[in-house]
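The values are calculated or read from the model by the stated rules, or taken from the named source; none is laboratory data. Predicted model, so just to flag it, every value in this text is computed and none were measured. Here Cβ is always computed from backbone atoms with ideal geometry, including for glycine, and neighbour counts include all displayed protein chains.
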Amino acid sequence: MKHRVFNLIELLIVVVIIGILTTVGMIISYKTDKFQDLNKKFDRQKEYKERLYNQG
Amino acid sequence: MKDNLAFIDRTVFKEGNILFFFFLIACFFSRLDSKIFFIDIFSHLGFQILIGGILLFFILLFLKRFWASVICIFVCIIFATDILLSCSHCNAVLKDRSQIRNKLRLISFNISYENSVENFNNIREMILSEKPDIVQFQEFSSQMQDKIKTLRSIFPYSTELNKPKNPFDSLILSKHPLTNTKVDDNHVVTTNLILNEAEISIVGIHLLVGGSKKVFNDALQQISYLKTIVSNTNKNLILLGDLNMTSTSKRFAKFLKETNLYTYTSYKNITSTWPAFLPNFLGIQIDHILFSNNFKMIIKKTSNSFGSVHRPLIVELSY
């Protein structure tokens with residue numbers, strides 16, 4: 001019984017480590033996507049401003 | 001069938017073996033220069049895996065697993081040796097102070113996009129006390145950029161300070177003249193620093209970090225673009241920014257070798273820059289200042305994070 005409890009703790013440690021790495025990866029991915037959306041928005045704004053500038 | 005199950009039970013589920021096998025897999029993944037994002041993460045955590053291996057050695061000793069603990073410490077030694085030997089360009093330090101000729105002090109700081117502008121006063125105080133020649137900012141909001149503009153009296157030269165920036169762009173401020181500034185689509189800013197009538201090429205970069213396959217491939221593309229920029233420069237060069245790589249990574253060591261750039265890494269005086277909420281010894285250094293072989297590092301340290309998830313990296317170079 002003691003042996004199985006130890007196995008469970010070991011498995012839990014491995015799952016927690018993989019879980020942390022996956023979560024960090026997902027958060028970074030989400031942030032990068034958000035920043036890239038901001039990039040696109042920023043580029044569109046820049047184009048719009050340039051168009052306005054050229055018009056008048 | 002029963003025999004096979006009994007064998008698996010004896011080998012895999014023997015006390016300490018799950019952690020031991022996980023440690024071996026992590027060591028193996030860590031020493032690969034993999035194009036798979038999840039495996040690539042392990043390569044940046046070499047120091048943490050080593051600490052884990054040493055802890056596991058004591059756990060196995062406690063469990064009276066003599067041979068497993070011997071193999072564990074043996075793997076730790078080979079692993080540490082491989083990390084230390086793989087980065088041949090990570091030892092450019094000047095220990096003999098009498099050899100210092102000219103000094104150049106730089107700060108690279110990823111402010112974090114969500115950082116409150118209220119923290120800028122403390123950032124400003126830090127910059128004033130450190131007296132750098134060059135400061136590089138990354139991931140700043142437009143409100144933070146307005147605050148950065150107030151540093152103009154101390155740093156009269158900059159890379160397009162008044163132009164709006166994308167979140168991954170770099171902004172470089174300097175006390176010395178900057179010429180031929182170019183900001184391009186790969187979040188790379190290149191400029192020439194005029195110092196004592198000599199020109200030094202400065203490259204600021206924020207490498208993407210791959211949370212998905214696409215972004216990871218974009219980061220690899222940025223790296224090959226950087227290699228082209230460095231190989232096309234015949235001047236002394238300093239490359240600084242958030243590289244999202246650590247010095248234990250094979251990718252980082254390969255990048256230094258291919259670009260012939262140098263840095264200094266100490267595992268005694270750890271200067272981790274991310275994540276700032278963890279103690280220094282548990283974090284990793286993903287912000288770097290790399291330089292060509294005419295420079296040597298005199299000082300490398302970090303400061304408080306001032307609301308960012310990164311700590312600023314402060315480096316003094318002799319040239």
Note to self: Tally up the residues in the stretch B:143-179 that are assigned to a loop (DSSP other than H, G, I, E, B), away from chain A (no Cβ under 14 Å) and crowded, with 20+ Cβ neighbours inside 10 Å, please.
What the structure shows: 2
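Test A:Ile20 against the criterion of being exposed (fewer than 12 other Cβ atoms within 10 Å of the Cβ), modelled with pLDDT of 75 or more and either touching a Lys or Arg at 6+ places or on another chain (Cβ under 7 Å) or at the interface with chain B (Cβ under 8 Å from one of its Cβ atoms) (or both), and give yes or no.
Details: exposed (fewer than 12 other Cβ atoms within 10 Å of the Cβ): yes; modelled with pLDDT of 75 or more: yes; either touching a Lys or Arg at 6+ places or on another chain (Cβ under 7 Å) or at the interface with chain B (Cβ under 8 Å from one of its Cβ atoms) (or both): no.
Spelling it out, it is not the case that A:Ile20 is exposed (fewer than 12 other Cβ atoms within 10 Å of the Cβ), modelled with pLDDT of 75 or more and either touching a Lys or Arg at 6+ places or on another chain (Cβ under 7 Å) or at the interface with chain B (Cβ under 8 Å from one of its Cβ atoms) (or both).
Considering each of B:Phe74, B:Phe42 in turn, give the residue that is more than 11 Å from chain A (Cβ to nearest Cβ), assigned to a helix (DSSP H, G or I) and modelled with pLDDT of 90 or more.
Details: B:Phe42 fails: more than 11 Å from chain A (Cβ to nearest Cβ).
Residue meeting the stated conditions: B:Phe74.
In the stretch B:245-262, which residue that is not in a helix (DSSP H, G or I) and not aliphatic (A, V, I, L, M) is surrounded by the fewest Cβ atoms within 10 Å (Cβ to Cβ)? Don't jump to the end; show me each part of the working.
Going residue by residue through the stretch B:245-262, those that are not in a helix (DSSP H, G or I) are B:245-249, B:260-262.
Restricting the remaining residues to those that are not aliphatic (A, V, I, L, M) gives B:246-249, B:260, B:262.
Values: B:Thr246: 23, B:Ser247: 24, B:Thr248: 30, B:Ser249: 28, B:Asn260: 12, B:Tyr262: 20.
For the stretch B:245-262, the residue satisfying everything is B:Asn260.
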Notebook entry, point to check: Residue check: is B:Phe28 within 25 Å of B:Ile286 (Cα to Cα), surrounded by fewer than 17 Cβ atoms within 10 Å (Cβ to Cβ) and within 12 Å of chain A (Cβ to nearest Cβ)?
Noted result: no
Check: Under the condition of being in contact with a helix residue (DSSP H, G or I) (Cβ under 6 Å, 6 or more places away or on another chain) and surrounded by fewer than 19 Cβ atoms within 10 Å (Cβ to Cβ), which residue from the stretch B:263-319 is nearest to B:Ser43 (Cα to Cα)?
Finding: B:Ile270
Check: Out of B:Lys227, B:Lys182, which single residue is within 22 Å of B:Ser108 (Cα to Cα), away from chain A (no Cβ under 14 Å) and touching a helix residue (DSSP H, G or I) at 6+ places or on another chain (Cβ under 9 Å)?
Finding: B:Lys227
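Checking the condition without any contact (Cβ under 8 Å) to a residue 12 or more places away in the chain, in a helix (DSSP H, G or I), in contact with a Ser or Thr (Cβ under 9 Å, 6 or more places away or on another chain) and of a type in the set (A, V, I, L, M), which residue from B:Leu56, B:Leu61 passes? Please lay out each step first, then the result.
Values: B:Leu56 fails: without any contact (Cβ under 8 Å) to a residue 12 or more places away in the chain.
Answer to the check: B:Leu61.
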